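Undergrad: Let me begin by handing over the structure; questions about it come next.
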Amino acid sequence: MINHRLSRRDFMQRTAAAAGTAAAGKIIVLDPEPGYGVAPAAPPSDTLRLGIIGIGMQGNGLLRGAITHPGVECVAACDLYDGRHDLAREIVGKDIPVTRRYQDLLDNKEIDVIINATPDHWHRRIVVDCCNSGKDVYSEKPMTHGVSEGFEMIEAAQKNSRIVQIGSQRASSIVFAKAKELIDNGAIGEIHTVEGMMGRNSPDGAWQYPPPPDLSPDNLDWDTWLGTTPKIPFNPIRFARWRCWQAYGSGVAGDLMVHLLTGIHYVCGITQPPERALSTGGIFRFHDGRDVPDVHHVLYDYEKFPVIIKLNLTCEYRESTKFYGTGGLLEITGGELTMTTQDGTDHGTGGYATSFPRALREEYARKWHLENDDRLSKIGTESVTFRPPTGYDDGWSHMQNFLDAARSRKPVIEDAVFGNNTAIACHMANASYFRKSIVRWDGTAREMRV
Ligand SMILES: NC(=O)c1ccc[n+]([C@@H]2O[C@H](COP(=O)([O-])OP(=O)(O)OC[C@H]3O[C@@H](n4cnc5c(N)ncnc54)[C@H](O)[C@@H]3O)[C@@H](O)[C@H]2O)c1
């Protein structure tokens with residue numbers, strides 16, 4: 001049983017123990033993990049040879065980051081759009097081999113690890129093919145585009161003993177790790193509600209991205225880009241803004257909510273999809289032909305507590321996750337964590353006693369103070385903020401976690417089982433929105449039920 005009534009002394013001791021040196025009401029700058037951001041020369045035998053598939057908005061950043069890690073060399077790149085072959089070479093600074101066929105990377109015996117930063121509708125096939133070809137893979141979130149895909153991906157990883165890291169970087173964040181440590185230590189008591197929210201308010205934030213100016217069927221393999229989705233003529237808007245359509249993306253759920261859920265699953269040690277989901281929302285601002293909502297709110301039932309998620313593309317709100325505990329509130333907003341304790345007791349005689357006639361009221365107050373004043377003098381609430389160092393990038397930590405696992409063969413922080421659970425939660429949110437109904441998770445059948 002967690003003791004959720006922290007005395008001031010307990011709180012000071014716990015945060016001090018947790019932080020190394022802490023003071024209530026103060027700001028504590030967290031230390032990144034050893035080796036963070038340092039790029040010492042790795043022994044050549046330890047060098048991991050990297051191939052990347054998909055060098056778009058996310059892939060280009062991943063590639064720029066990956067080659068700054070110790071002992072990583074990018075030896076090949078793949079994209080269906082030739083402009084991104086040039087981009088990959090610009091980033092790597094060498095004439096690495098480039099291709100439109102990702103199978104060329106899988107056939108390349110030189111390559112140890114793959115980054116897959118393709119749109120959602122390509123994740124399953126590429127991850128399964130990577131595993132079957134003996135490659136470890138860092139694959140972007142959401143792990144899947146549909147519920148059935150995840151189990152196939154898990155099986156491929158397990159059967160081939162491959163490392164699969166899903167790219168929701170909150171799982172490797174030092175800020176979320178601190179939240180986990182505090183919560184595991186009982187610093188905010190028992191958690192009965194978790195809330196996540198995020199808002200954007202700009203066309204770019206709502207995915208109205210500009211297609212590359214030269215994009216054409218001559219420099220893009222459009223047919224392959226479509227994959228198994230319905231065949232349509234070349235469409236640069238779909239290429240750049242694929243998130244707007246269910247055929248390729250997973251809405252704000254798969255794009256943004258998955259980050260919130262990853263943080264929540266990680267901090268609270270959740271290892272299953274939610275039991276139920278109920279969504280509401282709509283397309284309120286971006287009437288641009290999209291078929292996914294720009295406002296999407298979800299209520300989840302998890303085994304131990306409800307989770308409330310609020311997402312919108314119509315009003316800016318910094319990414320925020322709040323853990324409501326019987327011993328206080330722990331909030332991660334804008335990348336920093338603030339914990340404010342509550343002692344959960346009465347601090348005064350309360351409002352109800354004001355309804356007593358004076359004599360009774362005064363006697364009640366006298367007794368109350370006699371019984372409680374000593375206790376009140378010993379308790380107090382405290383607030384402490386934990387902040388990462390300036391410029392801290394949880395994406396770097398997440399990639400390093402993958403690279404470490406590829407070398408050591410120890411598990412990653414966000415394996416395919418983890419990624420599948422959060423992806424299922426996103427699919428439940430979408431199914432509930434589109435079917436206007438509560439959606440349940442049937443873990444035995446591995447299916448959603450309406
Ligand atoms: N972790 C994060 O914070 C984060 C941020 C942004 C995007 N993402 C994820 O990254 C993925 C990519 O998103 P994006 O914004 O970079 O998309 P994008 O459209 O900018 O880039 C995707 C690239 O993949 C290429 N591609 C598509 N199918 C391919 C295939 N079969 N073979 C080779 N190349 C192929 C496309 O030509 C394109 O260049 C998505 O899953 C997205 O959810 C993650």
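Undergrad: Would you mind stating whether Ile154 is in contact (Cβ under 8 Å) with a residue 60 or more places away in the chain, within 16 Å of the ligand (Cβ to nearest atom) and either closer than 25 Å to Asp223 by Cβ or out of contact with any Pro (no Cβ under 8 Å at 6 or more places or on another chain) (or both)? Please lay out each step first, then the result.
TA: Numbers: in contact (Cβ under 8 Å) with a residue 60 or more places away in the chain: yes; within 16 Å of the ligand (Cβ to nearest atom): no; either closer than 25 Å to Asp223 by Cβ or out of contact with any Pro (no Cβ under 8 Å at 6 or more places or on another chain) (or both): yes.
Against the criterion (in contact (Cβ under 8 Å) with a residue 60 or more places away in the chain, within 16 Å of the ligand (Cβ to nearest atom) and either closer than 25 Å to Asp223 by Cβ or out of contact with any Pro (no Cβ under 8 Å at 6 or more places or on another chain) (or both)), Ile154 does not qualify.
This table checks each residue for (1) in a helix (DSSP H, G or I); (2) polar (S, T, N, Q); (3) modelled with pLDDT under 95; (4) assigned by TED's automatic domain parsing to the domain that holds Arg162.
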position: Thr385; (1), (2), (3), (4): no, yes, no, no
position: Gly391; (1), (2), (3), (4): no, no, yes, no
position: Asn401; (1), (2), (3), (4): yes, yes, no, no
position: Ala406; (1), (2), (3), (4): yes, no, no, no
position: Lys410; (1), (2), (3), (4): no, no, no, no
position: Ala423; (1), (2), (3), (4): yes, no, no, no
position: Cys426; (1), (2), (3), (4): yes, no, no, no
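Undergrad: Out of segment 83-125, which residues are without any contact (Cβ under 8 Å) to a residue 24 or more places away in the chain and among the hydroxyl-bearing types (Ser, Thr, Tyr)?
TA: Correct list: Thr99 only.
Undergrad: In segment 328-375, which residues are closer than 20 Å to Val175 by Cα and touching a residue at least 24 places away in the same chain (Cβ under 8 Å)? Write out each step before concluding.
TA: Looking only at segment 328-375, we keep the residues that are closer than 20 Å to Val175 by Cα, and these are 328-341.
Residues satisfying the conditions are Gly328, Leu329, Leu330, Ile332, Gly335, Glu336, Leu337, Thr338, Met339, Thr340, Thr341.
Undergrad: Output the qualifying pairs, or none if there are none: Cβ atoms under 6 angstrom, residues six or more apart or on different chains, first residue in segment 218-244 and free of Cβ contacts under 8 Å to residues at least 24 places away in the same chain, second residue more than 8 Å from the ligand (Cβ to nearest atom) and of a type in the set (S, T, N, Q).
TA: Partner pairs satisfying both residue conditions: none exist.
Undergrad: With the condition kept exactly as written, say whether any residue in segment 65-80 is assigned by TED's automatic domain parsing to the domain that holds Ser133, near the ligand (Cβ under 9 Å from one of its atoms) and either of a type in the set (Phe, Trp, Tyr) or not in a strand (DSSP E or B) (or both).
TA: yes
Undergrad: Looking at (1) touching a strand residue (DSSP E or B) at 6+ places or on another chain (Cβ under 9 Å); (2) surrounded by 13 or more Cβ atoms within 10 Å (Cβ to Cβ), which is the only condition Pro389 fails?
TA: Pro389 satisfies every listed condition except (2).
Undergrad: Across segment 196-240, what is the total count of residues that are buried (at least 18 other Cβ atoms within 10 Å of the Cβ) and closer than 30 Å to Leu329 by Cβ?
TA: Count: 5.
Undergrad: Still on this structure, please answer the following. Give segment 236-255 a look and list any residue that's part of a loop (DSSP other than H, G, I, E, B) and either within 11 Å of the ligand (Cβ to nearest atom) or outside the structural domain of Ile283 (by TED's automatic domain parsing) (or both), or say none. Talk me through it step by step, then tell me what you get.
TA: So in segment 236-255, the residues part of a loop (DSSP other than H, G, I, E, B) come out as 241, 245-250.
Of everything in segment 236-255, those that are part of a loop (DSSP other than H, G, I, E, B) and either within 11 Å of the ligand (Cβ to nearest atom) or outside the structural domain of Ile283 (by TED's automatic domain parsing) (or both) turn out to be Arg241, Tyr248, Gly249, Ser250.
Undergrad: Kindly indicate the residue of segment 140-196 that is of a type in the set (Gly, Ala, Ser), part of a helix (DSSP H, G or I) and within 20 Å of His121 (Cβ to Cβ) and also nearest to the chain's Cα centre (by Cα) among those meeting that condition. Show your work before the answer.
TA: Taking segment 140-196 as the starting set, the residues that turn out to be of a type in the set (Gly, Ala, Ser) are 146, 148, 150, 156-157, 161, 167-168, 171-173, 177, 179, 186-187, 189, 196.
Of the ones still in play, those that are also part of a helix (DSSP H, G or I) are 148, 150, 156-157, 171-172, 177, 179.
The next check asks that each one be within 20 Å of His121 (Cβ to Cβ); those that pass are 148, 150, 156-157.
Details: Ser148: 21, Gly150: 17, Ala156: 23, Ala157: 21 Å.
Within segment 140-196, the match that is nearest to the chain's Cα centre (by Cα) is Gly150.
Undergrad: Here is a follow-up. Within segment 353-384, can you find the residues that are over 45 Å from the mean Cα position of the chain (by Cα) and surrounded by 14 or more Cβ atoms within 10 Å (Cβ to Cβ)?
TA: Ala353, Phe356, Arg361, Tyr364, Ala365, Trp368
The values are calculated or read from the model by the stated rules, or taken from the named source; none is laboratory data. Predicted, not measured: the structure shown is a model, and the values here were computed from it. Heads up, the Cβs are rebuilt from the backbone with ideal geometry, glycines too, and the neighbour counts pull from every protein chain shown.
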